[in-house]
Amino acid sequence: MSGILISEVGPRDGLQSVQSIMSLEAKKAWIAAEAAAGVTEIEVGSFVPAKLLPQLADTAEVVAFARTLPNLTVAVLVPNLKGAEAAVAAGAHKITLPLSVSETHSLKNVRRTHAQMLEETRGIVALLRSLPPESRPKFEGGLSTAFGCTLEGVVPQSKVVELAEALMSAGCDEVGLSDTTGYANPRQVRELVRAVRAAVGEHALSGLHLHNTRGLGLANVMAGLEEGITTFDSSLGGLGGCPFAPGASGNIVTEDLVFMLEAMGLRTGIDLPKLLAVRDILRQAVPSESLYGFTPDAGLPLGFVAASAA
Ligand code: ZN
């Protein structure tokens, strides 16, 4: 098996969920240090109106900086076509448009129905296709609340499959599945990955965005790995926590994820001691925020040899 891609989402997902506003300098230091530790994809921000998320108001500057780092895919989130235009202008390599499978969640979050979001998707595809291929960002449709919704409860698998097909027909390069609410269990991950891949093709689904709200984050990663998923989103220190479950990280913790994969002989290309040291930047930049993770507290096992170092 070849390597596993870890997509660090802390500078976007983590920072958007905390009260603290991290300075541009600290964001640059964080991103540069993770890239130097071997992380090759980082979601550095989101192009949303600054009045909604002041934490991410400097995303264009963060993208400009991140683009100067070698071997780094600079990813961003966009809520609509306007955001995609800003992402293209800034030079992002990859853009993700989240589409909530729960329409109630979609209406509450972005005040748009599924039909309206798919219209937005087609607008973004038209924009991207007008660009020369070499400067065209990769475009992912991120299916959020794919494993359940705090407003609607159970999200039917058939609805996830239907929207995955709709996103691919609209022209997305790939789709991803997000356990936005931390409802997923390993069996569900296995079944949903199979169902979506059966509908859109194996290569159209390579990534999972998993949370650890109920402690099943890494178990869900294992289920994804067994189905051949090769990209996992995670957040350094689990920054942001989980609003529904105090004491639990929201996103799975990058340090624990890298430890598990490397210990299992799966290469991430990430240097774990260097990655662990990046936490110091967060601790200094946003001292009032909690950091999560078991590996950072326990340390690496005696005699541990990372797959990437072997
Ligand atoms: Zn998340």
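A count restricted to the range 94-110 and to residues that are touching a strand residue (DSSP E or B) at 6+ places or on another chain (Cβ under 8 Å) and open to solvent by 70 Å² or more (accessible area, probe 1.4 Å) stands at 1. Considering the range 4-28, the residues that are of a type in the set (Lys, Arg) and either assigned to a loop (DSSP other than H, G, I, E, B) or buried (at least 23 other Cβ atoms within 10 Å of the Cβ) (or both) include one that is nearest to the ligand (Cβ to nearest atom), namely ARG12.
Residues being touching a residue at least 40 places away in the same chain (Cβ under 8 Å) and on the phi > 0 side of the Ramachandran plot are represented in the range 125-146 by at least one member. Here is a check on your reading of the model: is THR113 surrounded by fewer than 18 Cβ atoms within 10 Å (Cβ to Cβ) and either out of contact with any Lys or Arg (no Cβ under 6 Å at 6 or more places or on another chain) or not assigned by TED's automatic domain parsing to the domain that holds LYS82 (or both)? Here the answer is yes, as THR113 does meet what is asked. Report whether or not ARG267 is open to solvent by less than 60 Å² (accessible area, probe 1.4 Å) and basic (Lys, Arg). Criteria not met by ARG267. What do you reckon, is VAL63 touching a residue at least 24 places away in the same chain (Cβ under 8 Å) and either farther than 30 Å from ILE270 by Cα or of a type in the set (D, E, K, R) (or both)? In short, no.
Residues in the range 132-151 that are in a loop (DSSP other than H, G, I, E, B) and open to solvent by 60 Å² or more (accessible area, probe 1.4 Å): PRO132, ARG136, THR150, LEU151. For the range 213-250, what are the residues that are of a type in the set (S, T, N, Q) and open to solvent by 10 Å² or more (accessible area, probe 1.4 Å)? If the condition is that a residue be of a type in the set (S, T, N, Q) and open to solvent by 10 Å² or more (accessible area, probe 1.4 Å), then THR213, THR230, THR231 are the ones that fit.
Here is the figure for the range 34-71: residues that are at pLDDT 95 or above, open to solvent by 10 Å² or more (accessible area, probe 1.4 Å) and hydrophobic (A, V, I, L, M, F, W, C) total 8.
The values are calculated or read from the model by the stated rules, or taken from the named source; none is laboratory data. Just so it is clear, the structure is predicted and the values come from calculations on it, not from any experiment. Counting neighbours? That spans all protein chains shown, and the Cβs are built from the backbone with ideal geometry, glycine included. Ligands, DNA and RNA are excluded from the accessible area calculation, which covers all protein heavy atoms including side chains. Shrake-Rupley method; radii C 1.70, N 1.55, O 1.52, S 1.80 Å.
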